[in-house]
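First up is the structure itself, then whatever we jot down about it.
Readers should treat all values here as calculations from the given coordinates under stated rules, not as data from a laboratory. Computed from a predicted model, the values in this text were never measured in an experiment. In this analysis, Cβ positions are derived from the backbone assuming ideal geometry, glycine residues included, and neighbour counts consider all displayed protein chains.
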């Protein structure tokens, strides 16, 4: 993938991996401070050789915190996407393939979830469950499976009329076999594109909830909580909020552009 | 997800527009609107150009209002009902109470002198002339003993007043003559005069059901003018007008001060922004020691925290001096007791616990608790609070304490504290005046809802000392037993245009300086 978005995404994936490694091991980058090491004598210090992106309002190294934030953002996005992709696709397949009362029931449930603005529902869940990373993941899971279920159901409705599916049915193939081997492969492309956009949306959602204080708790870093802290010092230390804002923008933009390109590449009409 | 696609699509659309240099094609209607707007702007520009700067007579300082921006505007200007800090601060300027406090927080006469006739009778005699102003309301009526009686009777009779409980001890209040009021109490109360700090309202207007909340009439140094968006007040002495407006965001308040849209800010800024302002030309920052007391509360129902050695370990594990020096506003002080040392019931001889993580660790080992000791610290979601909690967490780590921070929204947090559902919490006492606080916060009878002994601290020795009103012994005992770990008194500060003078800061953060502030240099008119 020789496109800038690919490199940006690769960069953030590596950064997230590094951040995860550092926070699990409790080590620091050689020459840098740990992500939660406070230095009261260097509050909001400008970038220097000991902290390439400067220090935050507690004298912590912004670069190390960005890495930790990247690992939080991407792991939340990937975990939530995998769970909701699995769950949403399954529900959509069942509803689309069987139709009837099951379809009506499942679609009414999804309609209820769709009727709510997703982020508001996540805020409500996070507020009820209390702040924390696990609760944040649960709240996001509860709100973001709907898109996959809808997409899968519509596709499955039309795919089950296809001749190869009817042929499989008349040959006596079992339902799981039909769903997994004859319908799902044809669904993979749109689902993949949808999942890419989903990841970008989740990165933003995690940042939004953390911005509101409902995400991961202090002293752990998240891009959202860093943004919230940084905004307070916009006049005094713009380097703080700029570093976080640019990171968030580059990651989301890269994922979105990648999704766009993926859709173009997978589009049958265009690739012909 | 759809939304993000839409935005990214819009973003690229805009990007391509910029790249190609063409203009955005607007729908017909929007287009005509924008044309109209352009025409309007052009007209404005033309008239602005044609107008010559007229030779206006030099404005006197009284005609140019002094504009103050505050984080939270007053809610209610009726002193009988208002409880929020901003309303209380404005009401101090609009009304005069019978009694006020001096720098040592001793009650002193404001409108009236008093004598204690016996344990349950107090006689208040109105002073003939209060400092600076005649004894009269802003509408011209004279202030007499009947107004005092009417004010306190209405307070006692108001079901909705949050203050009526304070005055439940009053049996009756009567005017002996035009200048003398007699209070009769149900129970003896040595601190009674210190409670009479509610502003006096005119009796006739009370009877007429006047809406003091929106149109206050008092006898204070400032008169109410209008309240449309900004609250406008006028000083009786020299007709200097003062405008108070609400600007919620601290950064915006600072920008407004720098741009000359406001003249004065007091309090409610992060220390970094204050330091930033200190270095700006044309801005003067003034700071003073504060009296609002921040502390760490312990829960005595918790088996681990019951152990004095654990509390001492926490006290030795927190470097309060470093926090005060680095992360608080100038004028902040390390606290040794609830009331500051200059208070008449304060104790200047109490040194803060020395920062010594090794000693803290040794004390924890001695107490035999598993290390690292896991404790939960509850605080609100306020950014500065979370920041301070994070500092505490980092400082306690080498002392063998793993602090978990739970930042909860204010309602949940305060309810948990009152219910005793916490291990550690951080809060601030604001506007403390009388040593009554020691009974309210530490007496074993004061467990919520009867008082504010939220840590469920029960100490018969201390109860005895409180009943005997032996404040040096009480403060000494609290310092040794540590039901609270005293942290700091946060400093008071104001930032203003350099032309403003004679603004004084009080340790409780009141805005009394507005009664004396003066404009030496008028703000420069915008250059263009």
- Message: Pairs of alpha-carbon atoms within less than 8 angstrom and 6+ residues apart define the contacts here; what relative contact order does region A:1-109 have, in percent?
- Response: 22
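Would you list A:202, A:192, B:403 from fewest to most Cβ contacts within 10 Å?
On the way: A:202 28, A:192 14, B:403 24.
The order, fewest Cβ neighbours first, is A:192, B:403, A:202.
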- Note on the structure: Summing -39500 (n - 2.57) over every DSSP H run of at least 4 in chain B, dividing by its residue total and rounding to the nearest 500, the 222 nm mean residue ellipticity is -9500 deg cm²/dmol
- Query: When only alpha-carbon atoms count, how far does region B:289-336 stretch along each of its three principal axes, as whole angstroms with the largest first?
  - Reply: 38, 19, 15
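More than 19 Å apart: what percent of Cα pairs in region B:318-378 qualify? Intermediate values should be presented prior to the final figure.
Working: 973 of 1830 pairs.
Distances greater than 19 Å cover 53 percent of the Cα pairs.
Sorted from fewest to most neighbouring beta carbons within 10 Å, what does the list A:223, B:114, B:488 look like? If you can, show how the numbers build up before the last one.
Details: A:223 27, B:114 18, B:488 22.
Lowest to highest Cβ neighbour count: B:114, B:488, A:223.
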- How many Å³ per residue does the convex hull of the Cα positions in region B:63-173 occupy? 157
- Task: Calculate the length of the line joining the C-alpha centroid of region B:336-379 to that of region A:223-240, in whole Å.
- Result: 32
- Item | Solvent-free Debye scattering, log10 I(q)/I(0), computed from the Cα coordinates of chain A at q = 0.11, 0.12, 0.13, 0.15 Å⁻¹ | -0.70, -0.80, -0.90, -1.08
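Taking the beta-carbon count within 10 Å as an exposure proxy, list B:479, A:164, B:210 from fewest neighbours to most.
On the way: B:479 19, A:164 12, B:210 16.
Ranking B:479, A:164, B:210 by Cβ neighbours within 10 Å, fewest first, gives A:164, B:210, B:479.
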- Task: With a Förster radius of 45 Å, plug the Cβ-Cβ distance of residue B:171 and residue B:225 into 1/(1 + (r/R0)^6) and report the FRET value to the nearest 0.05.
- Result: 0.70
- Mean separation of Cα contacts under 8 Å (at least 6 apart) over the residue count of chain A, i.e. the relative contact order in percent, is 23
- Note down the Stokes-Einstein diffusion coefficient of region B:340-412 in µm²/s, whole number, using a Kirkwood radius over alpha carbon pairs, 20 °C, and 1.002 mPa s. 148
- FRET efficiency for residue A:101 and residue A:167, Cβ-Cβ distance as r, R0 = 35 Å, nearest 0.05? 0.85
- Note on the structure: Kirkwood-based Rg/Rh on the Cα set of chain B evaluates to 1.04
- Query: With each label point set 7 Å from Cα along the Cα-Cβ vector, what nm distance links residue A:21 and residue B:237?
  - Reply: 7.0
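Estimate the FRET efficiency between residue B:502 and residue B:261 by the formula 1/(1 + (r/R0)^6), using the beta-carbon distance for r and 22 Å for R0, to the nearest 0.05. It would help to have the intermediate numbers written out before the result.
Details: r = 22 Å, r/R0 = 1.01.
Approximately 0.50, to the nearest 0.05.
Direction-averaged shadow area of the convex hull around the Cα atoms of region A:1-107, nm²?
10.7
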- Under a plain spin-label model, where a point goes 7 Å from the Cα along Cα-to-Cβ, how far apart in nm are residue B:428 and residue A:40? 1.7
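Given the convex hull of the Cα atoms of region A:121-267, what is a quarter of its surface area in nm²? Mind showing how you got there, number by number?
Working: hull surface 44.9 nm².
Its average projected convex-hull area is 11.2 nm².
Expressed as a rounded percentage, what relative contact order does region A:36-88 have, with Cα pairs under 8 Å and six or more residues apart? Please report the intermediate quantities before stating the final value.
Details: 53 pairs, mean separation 13.5, N = 53.
Here the relative contact order equals 26 percent.
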- Query: Mind listing the Cα extents of region B:330-471 along all three principal axes, in Å, largest one first?
  - Reply: 41, 37, 35
- Query: Hey, could you pull the Cα Rg and Dmax for the protein assembly as shown, both in Å?
  - Reply: 32.8, 110
- Query: How far apart, in nm, are the 7 Å Cα→Cβ label points at residue A:83 and residue A:111?
  - Reply: 2.7
- Quick one: check the C-alpha center-to-center distance for region A:111-190 versus region A:1-63, whole angstrom. 36
